[in-house]
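What follows is a short report on a single structure.
Every number here is computed from the coordinates shown, using simple stated rules; none is lab data. Keep in mind that what you see is a predicted model, and the values were worked out from it rather than measured. Backbone-built Cβ (ideal geometry, glycine too); neighbour counts: all protein chains shown.
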Amino acid sequence: MDGTLTRCELDFDAIRAEIGMGPTSILEGLDRMHGEARRRAELIIARHEAEAAAACELQPHAHEVIAGLRAAGVPVALMTRNSRRSVETVLTRHGLVFEHIRTREDGEFKPSPRPVLDICRAFGVRPADAWVVGDYRFDLECGRAAGAHTVLMLERGIAPDWADLADHVIRDLRELLTCMASAGCLTSPAARI
């Protein structure tokens, strides 16, 4: 969601600093916490996510791309390490609907391949026919481990050293439709924006 569908407003370094967590992934660090320290950290994360969800803007052309996928008969899922509450805020705020939503409260989360595998099972599609689009290494690791096509959304800046985990690198969401059409995955002319 953040950085792919929306322009990310989460400052992960600030979250880690407020929690008192070292240079680790926040959710993995949270899993190692217990008792009051964990409850405090969960409140800090929830506050940051709520603020980001309330302030976020959509990536340009997000509605067009989702509509293009639907026009081609492609079911669309949202998979995120965010909370369901922050997802609901973003979707309501921007008038978005997905056929399937997978948050961290729904079980294993990225970089585990389980979210992609579960979504594919829900849609009745093979993982090899799925496309995982994300802006971070965990998205690509998740998709690759599941056997899906992987797409790095890199709006600006230089490609990180883990960009080679992506089958495609895009700078604009509309490029996703071009990549999928080139791979023969979109047949409807309405899907080509």
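PRE reach from Asp129 (point 7 Å along Cα→Cβ): which of segment 45-67 fall under 20 Å by backbone N? So the set is 66-67. Eigenvalues of the alpha-carbon gyration tensor of the chain, scaled by 5 and square-rooted, set the equivalent ellipsoid semi-axes at 29, 17, 16 angstrom, largest first.
Here the extension length gained between Glu51 and Arg84 equals 10.5 nm, from 0.36 nm per residue of separation less the Cα-Cα distance. Once fully extended, how much extra length lies between Glu28 and Ser182, figured as 0.36 nm per residue of separation less the alpha-carbon to alpha-carbon distance? Extending this stretch completely gives an extra 51.8 nm.
Starting from one equal scatterer on each C-alpha and no solvent at all, send me the Debye-based log10 I(q)/I(0) for segment 68-176 at q = 0.10, 0.13, 0.18 Å⁻¹, two decimals. Computed log10 I(q)/I(0) values: -0.27, -0.47, -0.94.
Put a dot 7 Å past the Cα of Arg40, heading toward its Cβ, do the same for Asp161, and the two dots end up 3.4 nm apart. Basic side chains Lys and Arg get +1 at the Cβ, acidic Asp and Glu get -1 at the Cβ, and with that the dipole of segment 6-55 about its Cα centre reaches some 140 debye. Tell me the angle of helix 35-55 to the major Cα principal axis of the chain, expressed in degrees between 0 and 90 and rounded to the nearest ten. Result, in degrees: 40.
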